[in-house]
Amino acid sequence: MNKSLSVRGTVSYLARLLNFAIRDGADEVAARLVEKYGTLDILASVGAHALLSVEGMTPSAVNLLKITAALTARRITDGFAVGKKHTEFEIKDYLSGLYHGTEVETVYLILLDGEGRTISTEYMGEGTVGASDVYPRRLLEAAIKRGASGVILAHNHPRGNGRPSIEDVNSTERLTRLFESAGISLVAHYVVSGRVVDRITLTSEK
């Protein structure tokens with residue numbers, strides 16, 4: 001799609017939404033927001049103070065944007081069924097919704113049965129893997145307790161580049177060996193930053 005058409009479509013959609021909260025000049029405000037933040041996905045993760053700094057934005061308009069984004073995220077997470085084998089696209093979409101509004105590094109573990117179907121999603125705590133209260137042994141214990149045959153690990157980068165770091169790759173390699181020692185497969189490890197969800201590729205997979 002032509003980029004200019006995509007931008008105009010985003011501005012038009014945003015203007016229609018803002019019309020409910022801004023009496024005059026919703027089109028101009030929408031254009032400023034898109035010029036500053038680029039996409040709706042990025043806009044959804046911007047803090048309220050930053051949004052209010054955009055000329056023409058009002059507290060009610062900020063609240064409207066946040067509520068709309070939260071409802072969209074909730075719709076995504078509610079549609080992620082237990083007992084089903086999900087595609088990678090569905091998993092990434094689910095994770096982007098799951099992490100919506102999360103402003104600190106947080107770790108989740110999706111547990112899978114022997115057929116690759118979802119058993120549950122477990123909140124493992126705040127911090128990076130191996131730091132804070134999210135220790136590798138705790139991840140393994142959660143998987144064993146629920147009788148998981150496979151796991152999908154996810155953590156977020158709430159402020160910064162969504163690309164996996166070298167430490168992310170190294171921790172994934174260590175965790176792969178740890179889970180394998182218990183007969184459990186680490187199916188994937190994802191890094192989430194807004195709507196961007198990257199799968200960590202191990203050195204052995206390149």
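One line per residue, one yes/no per condition, for (1) touching a Leu at 6+ places or on another chain (Cβ under 7 Å); (2) closer than 23 Å to residue 159 by Cβ; (3) open to solvent by 80 Å² or more (accessible area, probe 1.4 Å):
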residue	(1), (2), (3)
21	yes, no, no
29	yes, no, no
33	yes, yes, no
37	yes, yes, no
52	no, yes, no
60	no, no, no
63	no, yes, yes
66	no, yes, no
70	no, yes, no
**Request:** Inspect the range 163-177 for any residue being part of a strand (DSSP E or B) and either under 27 Å from residue 82 (Cβ atoms) or out of contact with any Phe, Trp or Tyr (no Cβ under 7 Å at 6 or more places or on another chain) (or both) and give the result as yes or no.
**Result:** no
**Message:** Cβ-Cβ under 7 Å, sequence separation 6+ or interchain: first residue in the range 29-46 and of a type in the set (Gly, Ala, Ser), partner in a helix (DSSP H, G or I). Which pairs?
**Reply:** 30/11; 30/14; 30/15; 30/18; 31/11; 44/69
**Fill in**
Here the residues within the range 133-162 that are touching a strand residue (DSSP E or B) at 6+ places or on another chain (Cβ under 6 Å), at pLDDT below 85 and either open to solvent by 50 Å² or more (accessible area, probe 1.4 Å) or assigned to a strand (DSSP E or B) (or both) are 133, 134
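The values are calculated or read from the model by the stated rules, or taken from the named source; none is laboratory data. Since this is a predicted model, take the numbers as computed values, not measurements. Quick reminder, even Gly has a Cβ in these numbers, built from the backbone with ideal geometry, and neighbours come from all protein chains shown. Quick note on the areas: whole protein, heavy atoms, side chains included, nothing else; ligands and nucleic acids left out. Shrake-Rupley method; radii C 1.70, N 1.55, O 1.52, S 1.80 Å.
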